[in-house]
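Scroll down for the structure; my scribbles are underneath it.
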Amino acid sequence: MDNIAFGLIIAITLGSALMVVVSKQLLYSAIALLFTLFGIAGLYIFMWADFMAGVQVVVYIGGILVLLIFGIMLTNKISSVNISHTSLQRGVGAVVTLGVLGFLISMINNTSWLQLSSVEPSQTADSIGRLLMMDFLLPFEVASLLLLGALIGAAMLSRNTN
Amino acid sequence: MIVDWLIDWFPTSVAWPGLTFVVVVILCAIPVFVFIALYALVAIYGELKISSFIQDKVGPMGQGVGLHAWRWGLLQPVADALKLILKEDIIPSSADKKLFILAPFIVFIGAFIAFSALPFSQTLIIADMNIGIFYILAVSSLGVIGIILAGWSSNNKWSLYGAMRSAAQIISYEIPVALSIVVVIMLTGTMSMQGIIQYQSGLIWGFLPNWLIFNNPFTFLAFIIFFISGVAECNRTPFDIPEAESELVAGAFTEYSGMRYAFFFLSEYANMFVVSGVAATAFMGGWLSPIPGMLNTPAWGLFWFMSKSMFLIFMMIWFRWTFPRLRVDQLMDVCWKGFIPISLFNIFGVGIWHLIVG
């Protein structure tokens, strides 16, 4: 669509992802993660997946990130802990990292990528809904059952025992 | 719509086509910001006057010199705004400076970008997205993070308490809000704001406009739950324990002053408008006229949308001076034991109604 907007979003995503890794304060990492997740939502929009972008924001930013920040803030003294970034076993680390990089590059080169049309699809969320409610109803229901189980489990665990 | 119109309006042959998009986004953002600022002035004046009348007082009437002196105190909010802008910007020395500065902007952005999907009239909507209403729900969850950051970075126990209460409250009340919107989406079969409004045109029961609050008992219940939960999401009385002046000074905003405080203030009013605008769109026909088929030009559309939104904002102010503040446990009880079960039942009920009646 537009190279400037795309470049901006890529820069925000990668830059804040780097911040997540190198930041010495845990809460700063969490806040940098906010921008990374937002950038990924932007990338979904470039693929015409607006519903996925919305879900990304609701689930990852509104849900998981808030829980993460809650966890950091409620844990006593964790926010003042300095995370060390000294490297250990550099030789082995370099080999593993380069191996993963090479693997990813070969994957990217060997995949036959789908070319998206440059015209906006008229319906996006509708077709997802149709697929979930018709073709993939059973997996959808099984997934919801799993989440219900997790919910009941969490309620059981957090219950006051006396 | 405005985005599409502006992109078409720009000549396609400009040297740098990528720039068009960025310029269009900025061109859309400026009027929205001006609108929020002007609307906040009106809403603050309304809040001052309505609260005074409810308490049998007269409110600002114009005393002294300068901006305060004008008739009926009409310029009182302007004076207040100028005062906030000119005040010293204090950052506590023990605060986490970067996050302290960042927090008000995150809160404001969460309220600000929701405006891009609000349909002010038939043509006056910045972008009529496929997922309009879902987009608003999604971006409104951004404000929580800003409030948590404000509370934590202030390095003040009242702030942190306020932030924790606020976050717990907003996260809880997001669920009934979303579940009530599911009812709307089920009936209208679309998430586009204009699509939802178009579904509500025409008559129902022979004489009422086909707005979703009149459509069936379940949608009426959904509207009530949506609106009350929306008030809770704005952290307004009776759900204002995050701010609770009598116990927490000003909650997460205790340490903020001047311009930065003004941004929190502005985003509270902007959030009120977003909640009212979504309620007006999803349940009260948005820009549709109350007399179906009459006065439905775009200009009247703007008038109807604004009147409906402003009426709901008036309701919020009315609530504030009518109901006492809820306690923390009562607040959670209302949400988890009251609204969420009712909303789930509502979804079931609307499904059955849709199958049987139409």
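The values are calculated or read from the model by the stated rules, or taken from the named source; none is laboratory data. In this text, all values refer to a predicted model and were calculated from it rather than measured experimentally. Cβ sites come from the backbone with ideal geometry, for glycine too, and all protein chains shown count toward neighbours.
Per-residue answers, yes or no, for (1) at pLDDT 85 or above; (2) surrounded by fewer than 18 Cβ atoms within 10 Å (Cβ to Cβ); (3) more than 25 Å from residue B:42 (Cα to Cα):
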residue	(1), (2), (3)
B:310	yes, yes, no
B:318	yes, yes, no
B:326	no, no, yes
B:334	yes, no, yes
B:339	yes, no, yes
B:344	yes, yes, yes
B:349	yes, no, yes
Condition met for residue B:291 (surrounded by fewer than 23 Cβ atoms within 10 Å (Cβ to Cβ), of a type in the set (Val, Ile, Thr), assigned to a loop (DSSP other than H, G, I, E, B) and touching a residue at least 60 places away in the same chain (Cβ under 8 Å)): yes
Give the residue, chosen from B:149, B:221, B:160, that is more than 12 Å from chain A (Cβ to nearest Cβ), in contact with a helix residue (DSSP H, G or I) (Cβ under 8 Å, 6 or more places away or on another chain) and either farther than 30 Å from residue A:130 by Cβ or modelled with pLDDT of 85 or more (or both). B:221
Segment B:113-229: helices (runs of 4 or more DSSP H) wholly inside it with 2 or more residues that are farther than 22 Å from residue B:100 by Cα are B:132-139, B:157-188, B:193-199, B:212-215
Within segment B:86-103, tally of residues that are within 14 Å of another protein chain (Cβ to nearest Cβ) and in a helix (DSSP H, G or I): 7
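This table checks each residue for (1) surrounded by 19 or more Cβ atoms within 10 Å (Cβ to Cβ); (2) without any contact (Cβ under 8 Å) to a residue 24 or more places away in the chain; (3) within 8 Å of chain B (Cβ to nearest Cβ); (4) of a type in the set (Asp, Glu).
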site: A:15; (1), (2), (3), (4): no, yes, no, no
site: A:26; (1), (2), (3), (4): yes, no, no, no
site: A:33; (1), (2), (3), (4): yes, no, no, no
site: A:39; (1), (2), (3), (4): yes, no, no, no
site: A:51; (1), (2), (3), (4): yes, no, yes, no
site: A:59; (1), (2), (3), (4): no, yes, no, no
site: A:65; (1), (2), (3), (4): yes, no, yes, no
site: A:68; (1), (2), (3), (4): no, no, no, no
site: A:72; (1), (2), (3), (4): no, no, no, no
Test set (1) under 30 Å from residue B:278 (Cα atoms); (2) of a type outside the set (D, E, K, R); (3) away from chain A (no Cβ under 14 Å) - residue B:60 fails condition number: (1)
State all residues of segment B:205-219 that are surrounded by fewer than 16 Cβ atoms within 10 Å (Cβ to Cβ) and either at negative phi or in contact (Cβ under 8 Å) with a residue 60 or more places away in the chain (or both); if no residue qualifies, say none. B:207, B:208, B:217
Here are some residues: B:127, B:117. Which one is buried (at least 24 other Cβ atoms within 10 Å of the Cβ) and more than 10 Å from every other protein chain (Cβ to nearest Cβ)? B:117
Subset of segment B:55-85 (residues that are free of Cβ contacts under 8 Å to residues at least 24 places away in the same chain, within 25 Å of residue B:318 (Cα to Cα) and part of a loop (DSSP other than H, G, I, E, B)): B:56, B:57, B:58, B:59, B:60, B:61, B:62, B:75
If we ask which residues in segment B:7-54 are more than 16 Å from residue A:4 (Cβ to Cβ) and either modelled with pLDDT under 80 or not in a helix (DSSP H, G or I) (or both), their number turns out to be 4
For residue B:239, all conditions in the list (1) under 18 Å from the mean Cα position of the chain (by Cα); (2) surrounded by fewer than 20 Cβ atoms within 10 Å (Cβ to Cβ); (3) modelled with pLDDT under 90 hold save one; what is the number of the exception? (2)
Within segment B:171-189, does at least one residue satisfy the condition of being farther than 23 Å from residue B:213 by Cβ and either within 12 Å of another protein chain (Cβ to nearest Cβ) or surrounded by fewer than 24 Cβ atoms within 10 Å (Cβ to Cβ) (or both)? yes
Counted residues in segment A:4-28 being under 21 Å from residue B:147 (Cβ atoms) and either hydrophobic (A, V, I, L, M, F, W, C) or within 14 Å of the chain's Cα centre (by Cα) (or both) come to 3
Only one of (1) under 14 Å from residue B:104 (Cβ atoms); (2) touching a Ser or Thr at 6+ places or on another chain (Cβ under 8 Å) fails for residue B:274. Which number is that? (1)
